[in-house]
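Below: the structure, in structure tokens.
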Amino acid sequence: MQEALHIVQESSVNRPLVARLRAHMLRKGLNPKTLAERAKVGRSFVYDIINGKSTNPTSSKLTAIAEQLGVSVQYLLSGVHQVMGSRHAEWSDVVEISSISVEQSISGGALISTDSEAKPYYFRNDWVRRKLNAHPEDLRALNVKGDCMAPTLKDGDMLLIDMTLKLPNPPGIFVVFDGMGLSVKRLEMISSDRLRVLSDNPQYSPYESNLSSVNIVGKVVWLAREF
């Protein structure tokens with residue numbers, strides 16, 4: 001019997017801070033040494049955050065770091081931007097959704113993280129919670145590659161994946177890890193422990209598998225397409 005594979009999601013509390021710090025350093029073209037010099041903080045302060053050693057950075061130093069990156073401390077810590085509403089001059093939350101990255105873990109499963117080199121997407125927090133019934137921190141973005149789900153999904157479509165939804169009951173479109181990369185498939189349960197994996201493109205044959213043998217990353221809950 002094929003050994004079950006498991007999805008391992010990075011669970012470090014400080015990981016989102018690390019990802020956002022790395023992403024904005026990349027956009028600004030700054031390395032840790034230069035960022036520390038400009039913010040007038042010790043080099044070790046930046047390196048400790050990047051290496052996950054600092055779980056509670058000093059607020060005054062983090063403020064100096066945020067200023068050099070052109071973002072707020074609140075954003076670095078939570079991923080939430082504050083923007084001024086145009087009609088009623090009220091404040092509303094905008095959340096950052098990062099693109100997903102995946103690689104093989106030592107145990108043979110999939111290590112899911114964020115792609116720090118890809119530009120993030122921004123959505124209204126209340127829309128995400130009300131329309132998608134999701135928490136922003138559980139969502140990741142993914143661009144469709146290939147034609148296996150055509151015509152439902154096209155190459156280049158941008159998807160939002162809810163990584164808390166891993167059971168295809170009811171059936172739906174899910175992102176799975178096949179040992180080499182991510183693919184989008186339609187999944188449906190045929191018994192308590194077996195499922196059918198389908199592509200909407202009839203050129204690709206469906207197959208059946210044990211539920212425990214399929215690395216389900218999450219369910220597709222939204223898509224965007226350019227015309």
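Couple of notes before you dig in:
- Yes/no for Asp138 being under 30 Å from Ser78 (Cα atoms) and touching a Ser or Thr at 6+ places or on another chain (Cβ under 7 Å): yes
- Top-ranked residue in region 201-220 [being in a loop (DSSP other than H, G, I, E, B) and crowded, with 16+ Cβ neighbours inside 10 Å; ranked as modelled with the highest pLDDT]: Tyr204
- Criterion violated by Met189 - all others in (1) of a type in the set (A, V, I, L, M, F, W, C); (2) touching a residue at least 60 places away in the same chain (Cβ under 8 Å); (3) surrounded by 15 or more Cβ atoms within 10 Å (Cβ to Cβ) satisfied: (2)
- Count of region 108-151 residues which are surrounded by 16 or more Cβ atoms within 10 Å (Cβ to Cβ), assigned to a loop (DSSP other than H, G, I, E, B) and modelled with pLDDT of 90 or more: 6
- Contact annotation: residue pairs with Cβ atoms under 6 Å, 6 or more positions apart or on different chains, pairing a residue in region 36-58 that is of a type in the set (Gly, Ala, Ser) with a partner that is surrounded by 13 or more Cβ atoms within 10 Å (Cβ to Cβ), are Ala36/Arg43; Ala36/Val46; Ala39/Ala64; Ala39/Ile65; Ala39/Gln68; Gly52/Asn14; Ser54/Asp48.
- Met189 among the hydrophobic types (A, V, I, L, M, F, W, C), in contact with a helix residue (DSSP H, G or I) (Cβ under 8 Å, 6 or more places away or on another chain) and at pLDDT 95 or above: yes
- One residue alone among Leu223, Leu198 is surrounded by 12 or more Cβ atoms within 10 Å (Cβ to Cβ) and over 23 Å from the mean Cα position of the chain (by Cα), and that residue is Leu198.
- Scanning region 76-94 turns up no residue that is crowded, with 16+ Cβ neighbours inside 10 Å and modelled with pLDDT of 85 or more.
- One residue from Ser72, Ser59 being farther than 30 Å from Leu182 by Cβ, of a type outside the set (A, V, I, L, M, F, W, C), under 23 Å from the mean Cα position of the chain (by Cα) and modelled with pLDDT of 70 or more: Ser72
The values are calculated or read from the model by the stated rules, or taken from the named source; none is laboratory data. Bear in mind the structure is a predicted one, so any value in this text is a computation, not a measurement. A quick note on method: Cβ atoms are made from the backbone with ideal geometry, for glycine too, and the neighbour counts reach across all protein chains shown.
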